[in-house]
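Visitor: Structure in structure tokens, see below.
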Amino acid sequence: MSEINREAVAHLARLAHIEMTAGELDKMAGELDVIVDSIKSVQEAAGPDVPATSHPIPLANVFREDVVGETLTQEQALSGAPDSADGRFKVPAILDEE
Amino acid sequence: MSELTRHSAARLAEMLAAKEVTSVEVTQAHLDRIAEVDGNINAFLHVNTEEALAVAADVDKARAAGEDLPALAGVPIAIKDLIVTVGQPTTAGSKMLEGWMSPYDATVIKKIRAARMPMLGKTNLDEFAMGSSTEHSAYGPTRNPWDLSRIPGGSGGGSAAAVAAFEAPLALGTDTGGSIRQPAAVTGSVGVKPTYGGVSRYGAIAMASSLDQIGPVSRTVLDSALLHEVIGGHDPHDSTSLTDPVGSLVEAAKTGNVAGMRIGVINELQGEGYDEGVLARFHESLDLLRDAGAEIVEVSCPNFKYALGAYYLIMPSEASSNLAKYDGVRFGHRVLPAESPLTIERVMGATRAAGFGDEVKRRIILGTYALSAGYYDAYYGSAQKVRTLIQRDFDAAFAQADVLISPTSPVPAFKLGEKLNDPLAMYLNDVATIPANLAGIPGISIPGGLADGLPVGIQFLAPAREDARLYRAGHVLETLLEEKWGGPLLSQAPDLRQLSGAETTSGAK
């Protein structure tokens, strides 16, 4: 058994910014426990001498000339936003100061 | 159904070039077909009637004026709704992006426009491409044209079902762990995952950036090669895009010869967990290739047993990062929490709770776990090492063989709902397709016949940058099998006009 219990899922859900009901937390804890149990064998696959691969095809740094290319207009960039004002994204309060 | 919808893209291109038919006629025939059968199939989330017909009319005018046109000009195509398009909504199959209009085109869409191909619409998928059955779409599942009570594969079930149901001759898909190849296998169509970086990912909504790849979906190997040449090539907008030229894929698909080709059978991708019918069709294909002069060799990839585990750590880790951008600020939906205080953090939590479906939440939480302090080395770090081991397995295998072969999916299409409540059983569908994504190598799935009346796929894999080998081997096997069947596999598919959802819920057999 792995260590994914309801409290752990609640903590992860907070980190991931997803509100979850008590029922959802219970269900997901059960599911994740089974999933993690089945995939944790990767830990025994490789010793310390095996290098990690983060990217399938090795690439060197990719640069371009430092010139202005195609960009979105301010209007285009805001076109899908749920709320905007004065050409900017409008967000709810960052801090709770009630 | 109009005969026009039965033709391959290559044949339609010939007929258009010879002025035997107009693009408006071809496009309208497919739109009519969509109107006729898509109520049952649900392959399309959006049908782009007006623009498609306008593009078709333009092509016809240009052709009449004697303009020099690209090879596929006037041949219509469907687009997986994970790829952003100006003028059509892009939803990624999620409520989060319902009705969202992209302000820019993906690079592949720019190429489709330059190739003057009318876009028929956007196809259904598992939400954010997370799934193997298209049942995780927020807009209802797509149904398999062979049996409406069964899944069309996923995540690209919409694109595969669209070509298999003759609603489109071509489609675009994306493949992170098999989302082009597995749907091709279970619908009797063709799907190709190119070498990682061979086709630009710019404008493909990201799930797992080191695994995602756009590729062609079609009914014939040649058609996929034609489309691959249109969409492939270097793109400065995608920093992981390869600078190599696309290569002569169409020519490879016409070579028609496997004499002397060494084809490696992967020991680890058969046996336990594979359906008997799937294995029977697989061994028939091996016999045909052997008789055609190929040398069949056995290869071993011992670390493949860790591939699924590595994939289900790397993919959710990358997905949890990529999906952090759906925060209810820059695009998509915003949902306010029921009670105050109304802070950005709580709005984010409520937005993501309402906008994401169960599978997406599962993967975000799993990825957040794998990346969290104290677990990172054990899980994500180990998975990245497994990736190295899998690449080494492939290197050793390709030292013995020019291409590798396996069944694409261990089982034919299963029933809708059958695995929906068992995530692990669902994940096992990708066991044969995942290794290629982890290693970045190209793969193709072609129809291999039927098992209990349902299509089975044969997968070829080639070394990175050797996509042409897939088309050569794939075309030869396709030709041999069609000779045996007396025509394409899809000509054996049921007539959708005779089927209704209700009649087939009891199953085809």
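No lab work stands behind these numbers, since they all come straight from the coordinates. Because the structure is a prediction, the values reported are computed rather than measured. A quick note on method: Cβ atoms are made from the backbone with ideal geometry, for glycine too, and the neighbour counts reach across all protein chains shown.
Visitor: Could you tell me whether chain B comes out rounded, prolate or oblate from its Cα gyration tensor? Rule is a ≥ b ≥ c as square roots of the eigenvalues, rounded for a/c under 1.5, then prolate if a/b exceeds b/c, otherwise oblate.
Guide: On the way: a/c = 1.42, a/b = 1.08, b/c = 1.31.
Since a/c stays below 1.5, the shape of chain B is classed as rounded.
Visitor: Here's another thing I want to ask about it. Please compute the net charge surrounding B:ALA280, taking Lys and Arg as +1 and Asp and Glu as -1 over other residues with Cβ under 15 Å from its Cβ.
Guide: On the way: positive: B:ARG281, B:LYS484; negative: B:ASP275, B:GLU276, B:GLU284, B:ASP287, B:ASP452.
Around B:ALA280, the charge tally is -3.
Visitor: Roughly how crowded by other chains is peptide A:88-94, in terms of the mean Cβ count from those chains within 10 Å of each of its Cβ atoms? Could you put the intermediate results ahead of the total?
Guide: Values: counts 0, 3, 1, 9, 13, 7, 3.
The shielding value for this peptide is 5.
Visitor: Where does chain B land at 222 nm, in deg cm²/dmol rounded to the nearest 500, when only DSSP H runs of n ≥ 4 count, each adding -39500 (n - 2.57), divided by all residues?
Guide: Roughly -11500 deg cm²/dmol at 222 nm, from the helical runs in chain B.
Visitor: Still on this structure: If you count, for every residue in B:356-369, the Cβ atoms of partner chains within 10 Å of its Cβ, what is the mean? Write out the running numbers ahead of the final one.
Guide: Values: counts 2, 0, 4, 0, 1, 6, 5, 1, 6, 14, 8, 2, 9, 12.
Partner Cβ neighbours, averaged per residue: 5.
Visitor: What does the net charge come to around A:ASN5 if you take all other residues with beta carbon closer than 11 Å to its beta carbon, with K and R at +1 and D and E at -1? Let's see the in-between values first.
Guide: Working: positive: A:ARG6; negative: A:GLU3, A:GLU7, A:ASP26, A:ASP33.
Every neighbour counted, the sum reads -3.
Visitor: Related question: Please list, by residue number, every one of the trypsin sites (Lys or Arg not before Pro) in region A:1-84 that is coil in DSSP and has at most 10 other beta-carbon atoms within 10 Å. Don't jump to the answer; show the numbers that get you there.
Guide: Details: sites: A:ARG6, A:ARG14, A:LYS27, A:LYS40, A:ARG64; in loops: A:ARG64.
Loop-located and lightly packed - A:ARG64.
Visitor: If you don't mind, another one. With a 10 Å Cβ neighbour count serving as the proxy for reagent exposure, in which order, fewest first, do B:HIS7, B:HIS234, B:HIS228 appear? Don't skip to the answer; put the middle values down first.
Guide: On the way: B:HIS7 20, B:HIS234 14, B:HIS228 27.
The fewest-first ordering by Cβ neighbours comes to B:HIS234, B:HIS7, B:HIS228.
Visitor: Right, something else. Could you work out the relative contact order of chain B, using alpha carbon pairs under 8 angstrom and six or more residues apart, expressed as a whole percent? Mind showing how you got there, number by number?
Guide: Working: 1216 pairs, mean separation 88.5, N = 509.
Computed over chain B, the figure is 17 percent.
Visitor: Which of rounded, prolate, oblate describes chain A, given a ≥ b ≥ c as roots of the alpha-carbon gyration tensor eigenvalues and a/c under 1.5 marking rounded, otherwise prolate only if a/b is larger than b/c? Show your work: numbers first, answer last.
Guide: Details: a/c = 3.41, a/b = 1.24, b/c = 2.76.
Oblate, since a/c reaches 1.5 and b/c is not below a/b.
Visitor: Would any residue of region B:293-316 have its amide N under 19 Å from a label point 7 Å out along Cα→Cβ of B:ARG392? List them or say none.
Guide: Zone members listed by number: B:299-311.
Visitor: Ranked highest first by the average count of other Cβ atoms within 10 Å around their residues, in what order do B:93-99, A:43-49, B:150-156, B:486-492 fall? Don't skip to the answer; put the middle values down first.
Guide: Numbers: B:93-99: 22.0, A:43-49: 12.6, B:150-156: 32.4, B:486-492: 15.0.
Answer by packing, highest mean first, reads B:150-156, B:93-99, B:486-492, A:43-49.
Visitor: Moving on to the next point. Which of rounded, prolate or oblate describes region B:317-381 when judged by the alpha-carbon gyration tensor and an a/c cut-off of 1.5?
Guide: Working: a/c = 2.52, a/b = 2.08, b/c = 1.21.
Since a/c reaches 1.5 and a/b is larger than b/c, the shape of region B:317-381 is classed as prolate.
Visitor: Counting Lys +1, Arg +1, Asp -1, Glu -1, what net charge surrounds B:ALA401 among other residues with beta carbon under 11 Å of its beta carbon? Walk me through the intermediate numbers first.
Guide: Details: positive: B:ARG262, B:ARG469; negative: B:GLU295, B:GLU298, B:ASP402.
Local charge sum for B:ALA401: -1.
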